Amino acid sequence: MTAEVSGAERLKGDADEPGWEVDPDDESGAAVVATVGRQLKLRREAAGLRAAELGDLIGYGEDLVYKVEAGKRIPRPEYLDKVDRVLKASGLIAAMKKDVEEVRYPKKVRDLAKLEARAVELLSYGDHNLHGLLQTEEYARALLGTRRPTLTCDELERALAARMARQGIFSRTPPPDMSFVLEEVTLRRPIGGTIVQHRQLEQLLELGRLPNVDIQVMPTDRWDHPGTGGRIQVLKFDDGAAVGRADEEFGGRPVSTPKHVRVLELRYGIIRAQALTPRESLALIEEVLGET
């Protein structure tokens with residue numbers, strides 16, 4: 001066995017991670033994985049290798065090889081890299097990583113990421129937790145760990161990777177205008193412990209100083225505002241269209257009709273007006289940071 005597959009026993013033990021299963025309800029994602037699987041099978045057979053032989057060469061179990069080729073498992077990037085080297089595909093198999101990169105993430109997260117990637121303006125009010133775009137990896141990991149039913153290790157890693165990937169929105173050119181209103185309690189709740197909380201507060205300060213980002217804090221003693229029913233989010237696009245959702249409005253479903261979006265914009269505008277200004281909010285975040 002070659003040096004590239006050292007640690008093969010560990011990899012074989014990881015061969016059946018539930019987090020990498022194909023979601024049967026994700027038709028577009030399943031189609032991508034099935035196409036990649038067929039290509040991998042054709043190349044393996046052309047090389048004259050059985051599934052078990054390929055598995056031994058790349059350090060994965062025979063069962064996983066069959067499942068990937070049958071479109072039942074999403075191959076990891078390193079899986080495709082190893083197959084590419086073993087089959088001497090000159091990068092053609094490794095290039096498939098781009099095809100499966102997005103479908104690694106749950107469909108609802110992919111759909112949200114696509115909308116965020118198109119948005120020219122983002123408005124978000126959160127009542128219990130920080131918006132995913134603002135979270136550090138450590139904070140997000142700890143927060144996802146509170147879900148019930150409990151996520152498996154692989155489900156958690158998949159959800160975490162998807163959340164972190166969405167943060168590429170901050171490096172877009174031109175960047176979208178983003179407005180976040182946070183409840184004061186989200187600054188003080190030590191998700192993940194004091195060290196994680198400290199780093200999260202530092203990141204809020206960094207993001208809040210970006211020219212296209214406004215972070216505002218709603219003081220806990222200001223209870224009389226229209227956000228007490230839960231989260232509100234609105235995304236606006238350069239063609240004038242918009243989509244939004246709120247926990248307690250329209251059954252919690254996304255809406256895009258102008259009449260419904262205006263309701264959410266009005267509500268968000270009132271919340272934003274009642275919160276601390278961005279400058280006052282950064283000062284409060286610095287104060288809480290000094291207390292941790």
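Overview of results
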read-out	value
Residue list for region 231-278, filter: basic (Lys, Arg) and modelled with pLDDT under 90	Arg253
Region 233-292, residues that are charged (D, E, K, R), in contact (Cβ under 8 Å) with a residue 40 or more places away in the chain and more than 20 Å from His128 (Cβ to Cβ)	Lys236, Asp238, Glu265, Glu280, Glu286
Test for Tyr60: is it assigned to a helix (DSSP H, G or I) and within 24 Å of Asp154 (Cα to Cα)	no
Of all residues in region 69-85 being without any contact (Cβ under 8 Å) to a residue 60 or more places away in the chain and farther than 22 Å from Asp26 by Cβ, the one that is surrounded by the most Cβ atoms within 10 Å (Cβ to Cβ)	Val83
One residue from Glu265, Glu280, Glu287 being under 25 Å from Glu138 (Cα atoms), part of a helix (DSSP H, G or I), assigned by TED's automatic domain parsing to the domain that holds Thr173 and not hydrophobic (A, V, I, L, M, F, W, C)	Glu287
Pairs where the first residue, in region 130-146, is touching a residue at least 60 places away in the same chain (Cβ under 8 Å) and the second is aliphatic (A, V, I, L, M), C-beta under 6 Å, 6+ apart	Glu138/Val196; Tyr139/Ile191; Tyr139/Val196
Every residue from region 119-134 that is modelled with pLDDT of 95 or more, outside any strand (DSSP E or B) and among the acidic types (Asp, Glu)	none
Residue in region 170-180 that is crowded, with 18+ Cβ neighbours inside 10 Å, in contact with a Gly (Cβ under 8 Å, 6 or more places away or on another chain) and modelled with pLDDT of 90 or more present	yes
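The values are calculated or read from the model by the stated rules, or taken from the named source; none is laboratory data. Computed from a predicted structure; not experimentally measured. Note that we place each Cβ from the backbone using ideal geometry, even for glycine, and neighbour counts take in every protein chain shown.
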